[in-house]
Amino acid sequence: MTLVIIIVILALVFDYINGFHDAANSIATVVSTKVLTPFQAVVWAAFFNCVAFFIFKDHAVANTISKTVIKEYITLPVILSGLIAAIFWNLLTWWYGIPSSSSHTLIGGFAGAAITHAMFTKGISISWGKVVESDIILNTIFFIFLAPLIGMGISIFITIVTIMRNVWLRIVIISIATAITFFAFDHFENKKMNETLQKFLKIDKYKKEIKEANEKLAKNPGDAEAINKLATTEEKYNKALPNYEKIKLLIDDYDNLGADKIAKQACKQGLLKDIEASRLKDDVRNANGYLVLEAKAVDNDPVKAEYAVAKEATEKYKEPLKLYLKKEISPDSAYVLLNNIYPISPIFKENVIKKIKTFNIENALKKDIEKADNSVVVWGIVFTALLFCLIYIYVEKIKTPTAFTVAKMFKKLQLFSSAAFSIGHGGNDAQKVMGIIGAALIASGSIQNFADLPNWVPISCYLAIGLGTMSGGWKIVKTMGTKITKVTPLEGVAAETAGAFTLFFTGQMGIPVSTTHTITGSIIGVGATKRLSAVRWGVTINLLWAWILTIPVSALLAGLVYLISTFFI
């Protein structure tokens, strides 16, 4: 438990450093255009970093980070080593005024420590693809280049549209772009809800087990255990699939029904009956310290044997729980039967009975569906587009436009665009630390999965990044605000809006992109709109090298820290 506390404290320290290291992302343009003073800007950005807590319900980015490393190789020393390496790299790049990615140094550190741990325990020949989720790492690397390009493209588009002389044509283009965005985010919402439903009904788990069984059979066609596992899992999968298809139809009509009605109808139609006892079984055995046992079994052979017994025995919990769910026995009677199957520790007795009494499959489905609802973000984008259009009409049609009134308009709009980017920054970067703390709590056996993350984790992460932002990061502000290109209020609005949209867009997909890369690409875009020579490409190339080196250097540092830590932990 001491090591968990140390990890949580270091994670929040990293979050704080992330705040002042990446403060430049949120405030560089608004300071360089003199819309706000440096002090006003950091307070403004810090406030909206924290506002993100109330906007992002589905912590998709945090969930992605927590799954970067395959569960077998997530240990507390691995997480600790990754954090120390990430903190060191962040401080080093901050000292030299290099706007590197806090996100990527965290991912690189986490992955590097895990690979070193795997080589240390399994042998140097182990493939890295068996230690980390290669899809997550490859997506992250891919978006090192794609995120700034997206930001650049959007900022160029916004700048060109904004300087159009025909205000009505400008509004038509904004309306079309907003409509496309609306439907794109609606698609993301529906996709996420379907993924959530698959996880809820264990469809994703069955698919993975079927794939693993088939891989074993491909190597050894006569593997009796694999044959039996494949048959059992396929039976469960085929049983769950019709229920999934029926609930999916309800989710497709989410805008009309809402999470409450979907859950009620699914429950009323009996579509959750097959999974009910299984989910309650998971809750009960986890309340009995099962996760602590699982975490300790990773690198302890005697505990591994005990865990194997517990895993097999607790599967039989389902039978008495089915009787309880049918109201044929009381919670206390269910507890007695469970205790006879596999002993429940006296210290966990109250927790187990509470889990049994409070379990409600309908509410569980409702909460999971609601987490994927992105309506706050979508309507926020629609409101922003409408606000921009009304301001354009007022300044250019109702009032007589002058250079002074137009400049004043963009200075005011930059307050909104910088706030939007700060919300995206808070929602994206604070979630990454949530993912690391979540991984630590899972590894220590404190929670079952990321869905069980305690409320204090997101609250403390958002507060830490907000306080860090208030501390400022003036060396990087200078690089971002003046060295790349000279930014006007109009261009500041375009860059920040483009950066915010990119963060919201990638956040919906659960991709941990760099806010640094995103805003840099957006700033380059507005500079290139004037002329290519307006961008100081020498500075940009130096930044690109820092971006490319961040993940491998952080991974090597974390590996070194892990090797050193083995002598002390």
Residue list for the stretch 120-152, filter: assigned to a helix (DSSP H, G or I) and buried (at least 17 other Cβ atoms within 10 Å of the Cβ): Ile136, Ile137, Asn139, Thr140, Phe143, Ile144, Leu146, Ala147, Pro148, Ile150, Gly151, Met152
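Which of the residues belonging to the stretch 153-187 are of a type in the set (D, E, K, R) and assigned to a helix (DSSP H, G or I)?
From the stretch 153-187, those of a type in the set (D, E, K, R) are 165, 170, 186; that's our starting set.
Within the stretch 153-187, Arg170, Asp186 meet the criteria.
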Residue that is in the same structural domain as Thr159 (by TED's automatic domain parsing) and hydroxyl-bearing (Ser, Thr, Tyr), where the choices are Tyr335, Tyr324, Tyr317, Tyr392: Tyr392
Pick from the stretch 341-368, criterion farther than 14 Å from Ser278 by Cα and basic (Lys, Arg), ranking: surrounded by the most Cβ atoms within 10 Å (Cβ to Cβ): Lys366
Close pairs (8 angstrom Cβ cut-off, 6 or more residues apart or separate chains): closer than 17 Å to Ser514 by Cα and not assigned by TED's automatic domain parsing to the domain that holds Thr105 in the stretch 414-430, of a type in the set (Ser, Thr, Tyr) and surrounded by fewer than 24 Cβ atoms within 10 Å (Cβ to Cβ) anywhere: none
Candidates Phe110, Phe120, Phe143 - the one that is in contact with a strand residue (DSSP E or B) (Cβ under 9 Å, 6 or more places away or on another chain) and aromatic (Phe, Trp, Tyr): Phe110
Meets criteria (in a helix (DSSP H, G or I) and not small (Gly, Ala, Ser)) for Lys355: yes
Residues of the stretch 1-58 satisfying the condition of being aromatic (Phe, Trp, Tyr), closer than 24 Å to Met409 by Cα and either at pLDDT 75 or above or buried (at least 24 other Cβ atoms within 10 Å of the Cβ) (or both): Trp44, Phe47, Phe48
Among residues of the stretch 403-433, those that are at pLDDT below 80 and under 22 Å from the mean Cα position of the chain (by Cα), counted: 8
Subset tally (residues that are in contact with a Ser or Thr (Cβ under 8 Å, 6 or more places away or on another chain) and among the aliphatic types (A, V, I, L, M)) for the stretch 308-322: 0
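The values are calculated or read from the model by the stated rules, or taken from the named source; none is laboratory data. It should be emphasised that the depicted structure is a prediction, and the values quoted were computed from it without experimental measurement. Neighbour counts run over all protein chains shown; Cβ positions are idealised from the backbone, glycine included.
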